[in-house]
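First comes the structure, then the notes that go with it.
No lab work stands behind these numbers, since they all come straight from the coordinates. Note that the structure is a prediction, hence the values are computed from the model and not measured. Every residue, glycine among them, receives a Cβ derived from its backbone with ideal geometry; neighbour counts consider all protein chains shown.
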Amino acid sequence: MNPLAKELNEQLSQHNSHVLESLSTLGKNLFFPKGILTQSAEAKEKAHRFNATIGIATEGDGPMYLQCLHDKLSAFDPKDIFPYAPPAGKPELRSLWREKMLRENPSLQDKHFSNPIVTSALTHGLSIVADMFIDEGDHLILPDMLWGNYNLTFVTRCGAIVKKYPTFTSDRGFNVPAFLAEMKNSAAEKSKIVVLLNFPNNPSGYTPTVAEGDAIVNAIKEVAESGCEVVAITDDAYFGLFYEDSMQESLFGKLANLHPRILTVKLDGATKEEYVWGFRTGFITFADGNEYQNEPVLNALEKKTLGIIRATISNCPHPSQTFVIEALKSPDFLSQKAEKFQIMKGRALKTKQVLDSGKYASCWDYYPFNSGYFMCLKIKGVDAETLRVHLLDKYGVGAISIGSTDLRIAFSCIAEQDIQELFDTIYQAVKDLS
């Protein structure tokens, strides 16, 4: 093991050994090298005559660039677009995102957590978490309504064993008892479990109520108190898109500093929150279970995260970070975001209104939804994949089939005035096949 990794592990062992025990074998071996990047950072501060460290080309006092590219980006200083960004992301962006998290998550007030580290959007953050905390055979607790890419990220890549629980109760609430039971079953076999909480949920579009959220937190605490290490991941990809009665913040705030055996990891990003899917700008943030500011633990986790970033993509794209900074600082940011939110909410509520008409009861039920981009139909009497293909071939309508019964509808990309026609078409397609 590299001496730098040993040093970080000793920090964790001394200040919160439960975090060290939660790391995967790779996670324990990760470190951020004192190599080119570290030496270049030192040179940036002190090399006032010549700086011959980092591998970029320069002209004058700035980076070399092609004018044909800068002509399209002339509103931005070349230094904010063309050079490498720091491995952890631009400091200003990290600071602005932290301020945003505090503003939008009241439960984070007076909590201790790391500075957000920039990732290449949320899927990259999931990959980092998988590498740092999953060994082959580790249990990953997920609802049965889950984003399919979790399998590729955690199972195919890292060998996790997914333990599923039913997402909803018979009265259409989040199934906290099943969630707790599945955690307890895994805790009886394993000294560590990984829990993934994705709200608003993809594919169902459901976010728990405040009471359900508190019950989820209490369930995780109960398992930690039994002696099991818990890595609790909040996948907040669709954060902020809360349309009806639900939590209005991430569970990260309530899980942070809750119990020494709970390590909480927040994954979020500008991708969906700020409608910039192609920017690929996300964040990973850590909170350990100590009630006091545990800087050595947070520092060690950041260094290990930077190690895996350095080993895979080196650093995240610079231009998109600059663009997100400009958005967050814009005086029009909040008003423009509120305008888009109202459009999204209108589509969600129109979808519910159409579905509640009673017209389609013979062809499907629908799962609870109150947030996010999606909702799911539970098709009656017809295979969902057969229906998906028929919709595409005969009607030119695209949807996503999940298993034999569920059809995911992204109301996020359907204009409000077209929603009635969409479901009428799906209804006719089911009738065709019945």
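The table for this structure:
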read-out	value
11 Å beta-carbon shell around residue 420, net charge (K/R +1, D/E -1)	-2
The range 334-433: relative contact order in percent, alpha carbon pairs under 8 Å with at least 6 residues between	30
Nonlocal amide H pairs with residue 85, under 5 Å, H built at 1.01 Å	318
Karplus 3J(HN,Hα) series, Hz, for the range 22-34 with 6.51 cos²θ - 1.76 cosθ + 1.60 (x for Gly, Pro)	7, 6, 6, 4, 5, x, 5, 8, 6, 7, 9, x, 8
Fraction of antiparallel bridges per DSSP, the chain only, in percent to nearest 5	55
Overall form of the range 161-307 per C-alpha gyration tensor (a/c, 1.5; a/b vs b/c)	oblate
Relative contact order [Cα under 8 Å, 6+ residues apart], the range 179-242, whole percent	50
The range 277-434: C-alpha gyration tensor shape, a/c 1.5 cut-off, then a/b vs b/c	prolate
Sparse-neighbourhood loop sites, trypsin sites (Lys or Arg not before Pro) in the range 1-102 - DSSP loop, at most 13 other Cβ within 10 angstrom	34, 49
Loop sites in the range 243-331: chymotrypsin sites (Phe, Trp or Tyr not before Pro), DSSP, at most 12 other Cβ within 10 Å	292
Value at 222 nm in deg cm²/dmol, rounded to 500, when DSSP H runs of n ≥ 4 in the chain each add -39,500 (n - 2.57)	-12500 deg cm²/dmol
Loop-located GluC sites (Glu not before Pro) in the range 302-354 whose Cβ has at most 10 other Cβ within 10 Å (DSSP)	none
Gyration tensor verdict on the range 266-313 (Cα atoms; rounded if a/c is under 1.5, prolate if a/b is larger than b/c, oblate otherwise)	oblate
Mean Cα-pair separation over length for the chain, i.e. relative contact order, pairs under 8 Å, 6 or more apart, %	18
Residue pairs, from the table 90/340; 266/380; 254/303; 46/272; 184/352; 192/254, whose Cα atoms sit over 29 Å apart	266/380; 46/272; 184/352
Where labels lie 7 Å past Cα in the beta-carbon direction, separation of residue 425 and residue 2 in nm	5.2
Residue of 296, 63, 368 that the Gaussian network model of the chain assigns the largest fluctuation, springs spanning Cα pairs under 10 Å	63
